[in-house]
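Have a look at the structure below before the remarks.
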There are 6 protein chains.
Amino acid sequence: MPGTAPSLLVVSAHAGDFVWRAGGAIAAATLRGERATVVCISYGERGESASQWMQGKTLDEIKDIRRDEASAAASALGADIEFLDAGDYPLRETPETVAALVDVYRRVQPTVVLTHPLSDPYNGDHPAAAQMALQARVLAQAIGVANSDGSYPTTDEIIGAPPVFFFEPHQPEQSDFKPNVLLDITAAFPLKQRAMQCLPAQKHMWDYYTSLAVRRGVQVKRNAGPNLGLPVETMGEAYQRYYPQVTDVLA
Amino acid sequence: MPGTAPSLLVVSAHAGDFVWRAGGAIAAATLRGERATVVCISYGERGESASQWMQGKTLDEIKDIRRDEASAAASALGADIEFLDAGDYPLRETPETVAALVDVYRRVQPTVVLTHPLSDPYNGDHPAAAQMALQARVLAQAIGVANSDGSYPTTDEIIGAPPVFFFEPHQPEQSDFKPNVLLDITAAFPLKQRAMQCLPAQKHMWDYYTSLAVRRGVQVKRNAGPNLGLPVETMGEAYQRYYPQVTDVLA
Amino acid sequence: MPGTAPSLLVVSAHAGDFVWRAGGAIAAATLRGERATVVCISYGERGESASQWMQGKTLDEIKDIRRDEASAAASALGADIEFLDAGDYPLRETPETVAALVDVYRRVQPTVVLTHPLSDPYNGDHPAAAQMALQARVLAQAIGVANSDGSYPTTDEIIGAPPVFFFEPHQPEQSDFKPNVLLDITAAFPLKQRAMQCLPAQKHMWDYYTSLAVRRGVQVKRNAGPNLGLPVETMGEAYQRYYPQVTDVLA
Amino acid sequence: MPGTAPSLLVVSAHAGDFVWRAGGAIAAATLRGERATVVCISYGERGESASQWMQGKTLDEIKDIRRDEASAAASALGADIEFLDAGDYPLRETPETVAALVDVYRRVQPTVVLTHPLSDPYNGDHPAAAQMALQARVLAQAIGVANSDGSYPTTDEIIGAPPVFFFEPHQPEQSDFKPNVLLDITAAFPLKQRAMQCLPAQKHMWDYYTSLAVRRGVQVKRNAGPNLGLPVETMGEAYQRYYPQVTDVLA
Amino acid sequence: MPGTAPSLLVVSAHAGDFVWRAGGAIAAATLRGERATVVCISYGERGESASQWMQGKTLDEIKDIRRDEASAAASALGADIEFLDAGDYPLRETPETVAALVDVYRRVQPTVVLTHPLSDPYNGDHPAAAQMALQARVLAQAIGVANSDGSYPTTDEIIGAPPVFFFEPHQPEQSDFKPNVLLDITAAFPLKQRAMQCLPAQKHMWDYYTSLAVRRGVQVKRNAGPNLGLPVETMGEAYQRYYPQVTDVLA
Amino acid sequence: MPGTAPSLLVVSAHAGDFVWRAGGAIAAATLRGERATVVCISYGERGESASQWMQGKTLDEIKDIRRDEASAAASALGADIEFLDAGDYPLRETPETVAALVDVYRRVQPTVVLTHPLSDPYNGDHPAAAQMALQARVLAQAIGVANSDGSYPTTDEIIGAPPVFFFEPHQPEQSDFKPNVLLDITAAFPLKQRAMQCLPAQKHMWDYYTSLAVRRGVQVKRNAGPNLGLPVETMGEAYQRYYPQVTDVLA
């Protein structure tokens, strides 16, 4: 029965975003034996590849580099990855990309969705990706919405209403990002490190995001309920839940 | 070892609030065999006892009535109850009441705390109670804070950092209440009904809060992940988590 | 003289929205002998017609059903209705639809406008409709803006600055809907009920919206000034005024 | 029958505030033949009387001057005035002042209440006055709340739930003041001018608040519905309604 | 070396906006001998030229009038001006206009950017212009983003990260405009006046914006640190800084 | 002439807060030869001295330790320090402490004020200190407000309106802290480090706040205007300006 097995879907604007911001959550899922799928809407070929442009690489060469790096990083995290190659800087919302994402949702049947937050004054591609991720999630629930090629009935089942979590932007306060979920990624962190090392052009980010994981880990400990026995070196990632949590136990 | 057993603490401004707003959560906890403790800061003797005043009852008679009703309701929910008798309308924040709550926290060692939200333009007693509940929770964590009678060392252990959930106010939008947790109380609802019936002076509220549980139940279903198989007659209560959720699984 | 007679314009994303959310306001207007016009931007043929799709109906059949139902409901409310058939799920903002709405505004000369609120995380069509309703209202005020077919001068007079009220979304708190107007629809409620019964596929909504009217009616009574003598069974609808109220009496 | 006749209550932190900020609304009410009552919690003797202190006046002399000026201004507006002399800079919330205000509410039976907004980073006395005005309004509704001298039953009837409007602070944006009611005070403005002239020490404010009335008048015209025929020289005052408007006509 | 010389870029939706809202800042810059460039995305030919339409002017005539007036006003302020003629009412975000703005940014190498705020319920063209101004500013920083004609490498250098200030909208509170910078324009005000007089069709605005400058000047004085010795007749303009200020001295 | 020389006043709830959160700003000021004064409202003896309590120290011993450490840290930063010993956990707003702060303001004649932000769900002492710092700043401006011992006229001159900056709380997003000023503390950082080392009981914080300075330094670089030539190892502190900046140059 589709939808009952845990299935994590990550919608990433550029080829590298999912590593820095959600690598821990992805690795934690795959370490539990769950399925994880990353969709990169673009390669980040124009906006996040400055060093390659300065080396005189062509657009296609840069796309290839970014795809290979991202594929290696996904593999290190144990995740599947696919690329929509919809262009970046600007990454624009289009009916075609939204429709392609609807197909992905129905094929992947996610039980959890991760994407960018809805505001980022430093990078408009991120909110554009998030808007499409959210829009496609709603459309994929409707039995009357056709496949992206216009055919009907739908190739895959419609989906339920999976929870959505926004991962952390580069400058959280400026992006009105207020974490309401602190994820303990201590066990998954070595995999996240390995994935980060698949992105050699951004070596300065390795330290930056390790230091951020320590910082969020301190907050994990500060906000944990009593007697959880968390280790000193707890590592964390911050998320913002978009829809209300549904539960039968307050905890 | 204190703190490891689940222990629910509910801080209620008046004698009846915990029934209407959190009865489902309380009953759900006690049905799981967990301990639940309700603290009523006042009896609601002046502000929420209009019918008794109109019948010419005295202040002490009214307090007795309210205490008996609240005790019966707590009993129906399977919860312990205690009363601080700190006065209402206005219920004012005082050092003494905060100190008394610090003692309660350390004695009860809550793993979850429920109280009113921090804003209510229709009833200032509710935010005042919540402010004290939050303040005492922080003070009770500090080893340097003495017992309420000034003695030291502390009679009970200091506490950890239990999560806090605000329960729903009477007019949620006007109180800036935005639920981020929807609690399925279907199994607990019969106990909540029994508790409501312990408050005969507010009979019109029975229907009102049953209808609200249906409404929040519809939202439980709308926001649930796929294939949870919730029954048509799902009943719900809405909560607002104050601190970030700490978890090792996004769901 | 155009614009002096009361004229209510309701801009609805789908064929059914105006009934559930604004039926009381519409009926109240027509009961006072005023003109009311409903514009449905789409039929809701893809996103809000699940049961028909499951019965194997075609797109055109579904549109016909929705149009007939909505027409019957408008008629029960005493309102005129028109359909732009601009597609749904997603309902997208287009220059053509905005221009068509400009024509409507100038023809109808509304003194009051009702539409969806600007945020709804559960249904992107609703904010898209509202954005177009707001945009067209501003354009329709400008003498330099041509008719939708490009002809000039404008067929109808430009409009003034009618107040805009957002009607209640399905999950108000999640949509940042904070009512600042509570409308007493007690007298109009029987007409609203009749209109709801014109939508037999959503029978479970009849109870839901009756219960909501009771709930908003309780708030009407709680927020009313002194001695208004409102009946026990006051029924209400909640609205959010978008522009400041202009008045010469505070009340 | 108490409460049915229109009765305006203005709660002002200092002796002059009601003139600058609400003089138009007060005069508009008295011009309609309605009753208006101003309560000044303090004289503004320390915080708003710099020129008198620099002239070497004593505290009592300054209070006398302020009381006389405010009385003259109230008289020019056709309003009654009373003074609680509770001290300023800082004006502190006390149980005694709140209780005194409860008595005022029950005696005056207001159908409309005006006071300061809840935030003002330039003057803490203003929010303190507003908090007490709001608190007393709720307490005065409860039959169980005694008179300020502790006697019971209450001397005057309890009150209903009159609407509350915040008047404009000196720096509106910094005080998070977002007007949602624009009041046309054109007819009342000559009376407001006369009242301003009763405050000779603040002569520079006469122009400032005339210019503000023009500015708010422009907004009255911009936000008015069509064809209201407002004069070019419309004068306005801005207000922020605290509770939802209750109405049976959207307009 | 590009970018080191002060260079002010003003992105204006319509031909007149920059005069009323930012004329003081522009004149202050040019009086310091700095370069200032105004880009008008449209002429405001449909939405802000009512009197010309009523005189029966054609679209092209109106554009000419607006261009001439705006050019004269820019000249009075000592600023360069250019026009994108992208249409107004509605002014729509398009890839072409964004790309044209990217070219402008790289050519002008601004050290400071002024534009409209992101919300304006009275005029959708203003936020649309601001969105494009912000988007182009980010794109212009990326070495991988080509020239607007698709050629590569870029004709001009990429830019740094100049600060952005929103200027004041017509109804600031309704547009969620909260000034966090108050600019003293006393010395520049005569130039601003001269620029306003280049727009004769809006003569009523001359007084309005002079009165606003007085009002913001009062706030300049109220918010200034001690002993700044500001003149009585201080004139001001209000701005909202979008990105954090970077500094090495708190002041 | 008082007030013309730069004078920095830091109002700190507990003895250590000013080091971690504002040490860079303080050292930057004293390195420029300016005066800096720290006022600690309490020693943090109950709430922030857990290790000493666990070692069995008495209250007075703990106060002594905290005072000595804080004095050494202030000295390392080149700042004066004074202690109000008003108690902590809870640190309560009292008229006496506010009045004592008014005296400090008038004596110190600050041209810049630093304090805690107004919200901190993890520590109520911090907002209480900030509220008093803000309140005293306003009172100290009024010529009618007496000295703290009731004597009059005031011993020192009244103050102007110095800008206020909130320093960064421990969990910024949870405390609604949105930095709008990023301070480059690169040159001052060695002094901050030396001051941190004066607090040996919180050795784990040394790394934490060094890592935070790196993080805020990255944001300094990201938000800086073009061509500022900032070093790779830029260190930063984040601040939130409370009142609008007054300036005659936008930059």
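The values are calculated or read from the model by the stated rules, or taken from the named source; none is laboratory data. Small disclaimer: the values here were computed from a predicted structure and weren't measured. When we count neighbours, we look across all protein chains shown, and the Cβ atoms used for this are built from the backbone with ideal geometry, even at glycine. Protein only, heavy atoms only, side chains kept; ligands, DNA and RNA dropped before computing areas. Shrake-Rupley method; radii C 1.70, N 1.55, O 1.52, S 1.80 Å.
When you look at D:R194, is it surrounded by fewer than 18 Cβ atoms within 10 Å (Cβ to Cβ) and basic (K, R), yes or no?
Answer is yes for this residue.
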In region E:190-232, residue farthest from D:W206 (Cα to Cα) [restricted to those that are assigned to a loop (DSSP other than H, G, I, E, B) and in contact with a Gly (Cβ under 7 Å, 6 or more places away or on another chain)]: E:L199
Unmet criterion (only one of (1) within 14 Å of chain F (Cβ to nearest Cβ); (2) modelled with pLDDT of 95 or more; (3) touching a Phe, Trp or Tyr at 6+ places or on another chain (Cβ under 6 Å)) for E:V249: (3)
Selection within region F:2-59 - within 20 Å of F:A188 (Cβ to Cβ) and among the aromatic types (F, W, Y): F:F18, F:W20
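Here is a yes/no grid of residues against (1) modelled with pLDDT of 95 or more; (2) under 19 Å from B:V108 (Cβ atoms); (3) in contact with a Pro (Cβ under 7 Å, 6 or more places away or on another chain):
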| site | (1), (2), (3) |
| --- | --- |
| B:P127 | yes, no, no |
| B:M132 | yes, yes, no |
| B:N147 | yes, yes, no |
| B:P163 | yes, yes, no |
| B:P169 | yes, no, yes |
| B:P172 | yes, no, no |
Of residues in region E:139-169 being more than 16 Å from the chain's Cα centre (by Cα) and within 12 Å of chain F (Cβ to nearest Cβ), the one most open to solvent (accessible area, probe 1.4 Å): E:E157
Selection count where residues are at the interface with another protein chain (Cβ under 7 Å from one of its Cβ atoms) and small (G, A, S), scope region C:114-138: 1
Whichever residue in region A:13-52 is out of contact with any His (no Cβ under 8 Å at 6 or more places or on another chain) and polar (S, T, N, Q) and, among such residues, is farthest from the other protein chains (Cβ to nearest Cβ): A:T37
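Among the candidates B:A79, B:A5, which residue alone is of a type in the set (A, V, I, L, M), open to solvent by 50 Å² or more (accessible area, probe 1.4 Å) and under 30 Å from A:T247 (Cα atoms)?
Criteria check complete, one pass: B:A5.
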Hey, F:A86 modelled with pLDDT of 95 or more, away from chain B (no Cβ under 14 Å) and open to solvent by 10 Å² or more (accessible area, probe 1.4 Å) or not: no
Selection status of A:G124, closer than 20 Å to A:Y89 by Cα and open to solvent by 20 Å² or more (accessible area, probe 1.4 Å): yes
Pairs, first on the phi > 0 side of the Ramachandran plot in region E:174-193, second part of a loop (DSSP other than H, G, I, E, B), C-beta under 6 Å, six or more apart: E:D176/E:S119
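Only helices (runs of 4 or more DSSP H) wholly contained in region D:10-82 count here; list those with 3 or more residues that are in contact with a strand residue (DSSP E or B) (Cβ under 8 Å, 6 or more places away or on another chain) and modelled with pLDDT of 95 or more.
D:17-31, D:59-77
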Any hit, region C:106-114, residues being basic (K, R) and open to solvent by less than 10 Å² (accessible area, probe 1.4 Å): yes
From the options C:T155, C:T186, C:T210, residue that is over 18 Å from C:F18 (Cα atoms) and among the polar types (S, T, N, Q): C:T155
Qualifying residue in region B:201-220 (condition: open to solvent by 40 Å² or more (accessible area, probe 1.4 Å), over 28 Å from A:Y105 (Cβ atoms), touching a residue at least 60 places away in the same chain (Cβ under 8 Å) and more than 8 Å from chain A (Cβ to nearest Cβ)): yes
Region E:77-95: number of residues that are within 15 Å of the chain's Cα centre (by Cα) and of a type in the set (G, A, S): 2
Candidates C:T4, C:T58, C:T30 - the one that is among the hydroxyl-bearing types (S, T, Y) and in contact with a Leu (Cβ under 8 Å, 6 or more places away or on another chain): C:T30
Region C:108-151 - residue that is assigned to a strand (DSSP E or B) and touching a helix residue (DSSP H, G or I) at 6+ places or on another chain (Cβ under 7 Å) and, of those, nearest to C:P172 (Cα to Cα): C:T115
Counted residues, region E:170-186 - those being open to solvent by less than 10 Å² (accessible area, probe 1.4 Å), part of a loop (DSSP other than H, G, I, E, B) and more than 9 Å from chain F (Cβ to nearest Cβ): 3
Cβ pairs under 7 Å, 6+ apart, first in region D:86-102 and more than 25 Å from F:V102 (Cβ to Cβ), second open to solvent by 20 Å² or more (accessible area, probe 1.4 Å) and among the hydrophobic types (A, V, I, L, M, F, W, C): D:A100/D:L84
Selection within region D:26-74 - closer than 29 Å to D:P6 by Cβ, open to solvent by 50 Å² or more (accessible area, probe 1.4 Å) and touching a residue at least 40 places away in the same chain (Cβ under 8 Å): D:L31, D:R35, D:R67
